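Q: Encoded as structure tokens, here's the structure I'll be asking about.
The values are calculated or read from the model by the stated rules, or taken from the named source; none is laboratory data. Here the structure is a predicted model, which is why all the values come from computation and not from measurement. In this analysis, Cβ positions are derived from the backbone assuming ideal geometry, glycine residues included, and neighbour counts consider all displayed protein chains.
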Amino acid sequence: MTFQGHIEGIALGPYINGTRRKVSGDAHPSYDPATGEVLCDVPVSGTDLVDEAVEASRIALKGAWASVTPAERSRMLNRVAQAIRKDAQRLATVECLDSGKPLREAVGDIETSARYFEYYAGIADKLQGDTIPLGPDFVSFTMHEPIGATAHIIPWNFPLVTTARGLAPALAAGATAVIKPAEQTPLTALMLPVYLEQAGIPAGVVNVVCGPGKMTGAPLTQHPGIAHVTFTGSVDTGKTVMMSAASHIASTTMELGGKSPVVVLADADFDAAIEGTLKAIFTNAGQVCSAGSRLVIERSVADKFLSELIKRIEQFTFGHGLDNPNIGPVVSKQQLLKIEGIVRDSVSAGAELLTGGNIKRPDKLNGWFFEPTILLAGDSSTKCVQEEIFGPVLTVQIAADFEHALELAEGTDFGLVAGIYTKDVSKALRFSRKISAGQVFINQFFAGGVETPFGGTKNSGFGREKGLEGLKAYYTVKTVTARI
Ligand code: NAI
Ligand code: MG
């Protein structure tokens with residue numbers, strides 16, 4: 001099975017200052033993770049092209065983009081949303097092929113991407129400052145100014161959504177951007193310029209350069225012309241990117257993943273908690289920064305809950321994302337081997353395998369599939385409790401009572417999201433107050449949307465994206481004070 005036809009016509013060259021550049025030299029393959037076949041070879045932008053892209057975004061910042069009024073920026077962002085929606089089916093198909101995710105999830109991703117542009121369109125002409133009372137002899141006020149040219153380093157698990165999550169508020173605030181998609185999933189970011197052009201966004205405002213982190217991401221984040229770096233990915237790469245940004249005093253937003261708990265108390269709505277737990281860990285085959293990858297369950301309901309979970313998982317279908325299976329492939333062979341390795345190490349260290357645990361080979365597909373897996377954690381120091389696996393692997397921790405559940409939930413170096421299922425409002429709110437997390441989900445995992453601020457604490461990073469909070473990275477505040 002090959003699906004190359006779906007990607008015909010996508011311009012693969014870097015998009016710099018409103019034009020597609022021809023690049024001879026290095027190219028990086030992008031695979032269809034379900035078949036393991038190369039979909040296309042995408043030209044790599046090295047330091048020279050990255051420099052040109054940053055230069056273009058700096059010129060547009062002071063030039064073409066600065067002369068567009070906020071009201072017109074707002075209209076343009078709305079038109080981007082419309083253009084994405086118009087081409088949603090094709091975008092979803094390409095996203096599905098490039099990343100491996102089930103088509104229905106890709107369809108959801110594309111709609112969310114459009115929604116980011118629509119949401120931030122609504123604020124582009126309302127970003128206003130304050131007047132500050134200093135008494136009769138002064139007038140003091142603040143102005144919001146675009147932060148500058150911004151770099152966006154995108155991961156492979158939510159390619160277009162993560163791009164839109166950073167780009168839409170950056171543009172709303174009047175900043176410009178250079179996008180560096182993940183080398184595993186560059187295609188929808190390469191399609192984006194078509195919609196930006198249809199919406200009338202001037203040349204140079206958004207540039208797209210592709211390639212591996214070291215070849216393309218590093219020169220971009222090290223570039224002194226970049227004022228802010230928005231990064232989503234691993235903790236280690238995040239540290240490197242922060243050091244690059246520090247070398248030229250650029251601010252950063254760091255979204256670094258997690259090991260988020262789903263706490264199920266004995267009084268929880270059983271069915272809602274089952275559905276929530278399945279969704280928390282098996283969406284996108286577990287490759288979600290905010291995945292609920294640890295089930296912390298109260299002992300009195302644990303047996304019944306785990307039996308039901310295993311029963312449900314054993315009915316899961318596998319297959320190519322285009323066939324909408326319950327579980328699609330993981331993004332790469334490297335990711336597959338990482339998952340297998342952590343599962344194996346955890347079992348050797350005393351975790352008990354309740355179901356799954358192996359690489360899977362569905363009919364006629366040579367791609368990278370892993371069985372949905374449940375591990376009963378032994379010790380809290382086991383890798384499956386502490387490390388982000390980024391695969392369809394749920395770690396279970398049994399809690400004696402609510403206080404113990406809270407202690408287990410809190411017991412990692414991460415703090416991205418935390419979920420709780422209970423009918424006891426006071427326990428839910430007590431949990432919300434005590435837990436280290438950027439967001440808490442009560443009685444529905446992944447509750448919220450583009451409107452709700454999102455980000456981490458501890459090793460999960462810092463800064464907030466989404467909602468009105470997400471704008472703050474993209475403007476600076478200038479205070480003007482006059483003695484009158
Ligand atoms: P990564 O953090 O290395 O890659 C993320 C992005 O950073 C990619 O666009 C990559 O090209 C870029 N990058 C890599 N090195 C760079 C550098 N030196 N300078 C600038 N940009 C650079 O993550 P990777 O290797 O793809 O995945 C490893 C693990 O990271 C996963 O197993 C998962 O645990 C975690 N991860 C977390 C994500 C999240 O949503 N928080 C997303 C992707 C991965
Ligand atoms: Mg791919």
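Q: Can you name every residue in segment 134-154 that is over 15 Å from GLY470 (Cα atoms) and in a loop (DSSP other than H, G, I, E, B)?
A: Matches in segment 134-154: LEU134, GLY135, PRO136, ASP137, GLY148, ILE154.
Q: Here is a further query. Between residues in segment 75-101 that are on the phi > 0 side of the Ramachandran plot and residues that are part of a helix (DSSP H, G or I) and within 16 Å of ligand 2 (Cβ to nearest atom), which pairs lie under 9 Å by C-beta distance while being six or more apart or on different chains?
A: The qualifying pairs are GLY100/ASN284; GLY100/ALA285; GLY100/GLY321.
Q: Taking LYS472 as the residue in question, decide whether it is in a helix (DSSP H, G or I), charged (D, E, K, R), over 16 Å from the mean Cα position of the chain (by Cα) and closer than 30 Å to LEU134 by Cβ.
A: yes
Q: Looking only at segment 318-356, filter to residues that are outside any helix (DSSP H, G or I), of a type outside the set (A, V, I, L, M) and over 26 Å from the mean Cα position of the chain (by Cα); which one of those is surrounded by the most Cβ atoms within 10 Å (Cβ to Cβ)?
A: GLY356
Q: Have a look at PHE441, PHE431 and point out the one that is assigned to a helix (DSSP H, G or I), more than 16 Å from ligand 1 (Cβ to nearest atom), touching a residue at least 24 places away in the same chain (Cβ under 8 Å) and not polar (S, T, N, Q).
A: PHE431
Q: One residue is enough: does segment 251-273 have a residue meeting the conditions within 16 Å of ligand 2 (Cβ to nearest atom) and at pLDDT 95 or above?
A: Within segment 251-273, none of the residues are within 16 Å of ligand 2 (Cβ to nearest atom) and at pLDDT 95 or above.
Q: I need the full set of residues from segment 97-123 which are under 21 Å from ILE281 (Cβ atoms) and part of a loop (DSSP other than H, G, I, E, B), in order please.
A: Scanning segment 97-123 gives GLY100, LYS101, PRO102.
Q: Here's a follow-up. Does PRO193 fit the bill of being in contact with a Gly (Cβ under 7 Å, 6 or more places away or on another chain) and in a helix (DSSP H, G or I)?
A: no
Q: Here is a further query. Within segment 151-166, identify whether any single residue is hydroxyl-bearing (Ser, Thr, Tyr), touching a residue at least 60 places away in the same chain (Cβ under 8 Å) and within 16 Å of ligand 2 (Cβ to nearest atom), and answer yes or no.
A: The answer is yes; a qualifying residue exists.
Q: If you scan segment 1-36, which residues turn out to be more than 16 Å from ligand 1 (Cβ to nearest atom), surrounded by 16 or more Cβ atoms within 10 Å (Cβ to Cβ) and in a strand (DSSP E or B)?
A: TYR15, ILE16, ASP32
Q: I would also like to ask the following. Give VAL42, VAL94 a once-over and let me know the one that is of a type in the set (A, V, I, L, M), modelled with pLDDT of 95 or more and part of a strand (DSSP E or B).
A: On inspection, the qualifying residue turns out to be VAL42.
Q: Related question: Give segment 383-407 a look and list any residue that's without any contact (Cβ under 8 Å) to a residue 60 or more places away in the chain and assigned to a loop (DSSP other than H, G, I, E, B), or say none.
A: Listed by number, the list is empty, since nothing qualifies.
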